[in-house]
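Single-structure report; data block below.
Bear in mind these aren't lab numbers, they're just calculated from the coordinates by the rules spelled out. These figures come from a predicted structure and were not determined experimentally. Heads up, the Cβs are rebuilt from the backbone with ideal geometry, glycines too, and the neighbour counts pull from every protein chain shown.
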């Protein structure tokens, strides 16, 4: 008997790739699709020859597992609904748009005992597996620095810039949480959890003299260090970094929760700029580096250009 999978939302374009993979696997049957957007639901149902449901409970009663490709802010409600039915879940990254939602998801999954998987495809990439094997074998010696660049060109496309990805209330943030989460997960997969986290952000021009404090991973303010302007580098770029290392960050257990914390820091910076009458970060950011050290004596930098 094949595994019956239901698709919960086609808001994320990855839903098409996932559905193609499910349809090509003889062990799986696409049992149906639910989407609050009727047009997306109908299009997906026709494209992949599956039943459409206008009621999420109806779909959950007809499947063994669900694949969630909704807007990030809607992950929590969909995962909780699936968990109540005891359905296995494959969820698009990042996990949630807020720390409260991330913790609630973790609780629902644990309390209901369902199988849960986040979509982190880099772990399945043969190149990634080879890199991990080389590190574990000791062939590369002691790793002291890892630098990852990850991104795409979709921001140049109108469909992306006009979509929900650019709306923080639906996406939870921006490039860091949506794409940086891949680099964060890859590093955790290679080396485990870090002990401290530091962020360097570069902007053309100048920024307010006071920068926001960062939230701790449990949602409380003040657990992360204050920010300090550390100099200028051409062309007219001000760099900021966290400098107070007296208390390490209270790190989360999951990659997506870590990314959510970092994205919240960027949101705080955006608000500071708004109050100061500066343009939004989306038009000003030239680069962002998140330095995570030490990581079992390794230093890691994620660059989003």
So how do 26-33, 71-78, 135-142, 116-123 stack up, highest first, on mean other-Cβ count within 10 Å?
-> 71-78, 26-33, 116-123, 135-142
In nm, to one decimal, how far is the residue 169 label point from the residue 115 one, both placed 7 Å along Cα→Cβ?
-> 3.8
Here, residue 104 and residue 4, labelled 7 Å along Cα→Cβ, have an inter-label distance in nm of 2.8
Subtracting the Cα-Cα distance from 0.36 nm times the residue separation, let me have the gained length for residue 123 to residue 195 in nm, one decimal.
-> 23.7 nm
Potential lengthening between residue 143 and residue 16 on full extension [0.36 nm per residue; Cα-Cα distance subtracted] = 41.9 nm
Calculated FRET efficiency, residue 155 and residue 80, Cβ-Cβ r, R0 30 Å, to nearest 0.05?
-> 0.45
Please give the peptides 45-55, 8-18 ranked by average Cβ packing (other Cβ atoms within 10 Å per residue), highest first, as a rough proxy for protection.
-> 8-18, 45-55
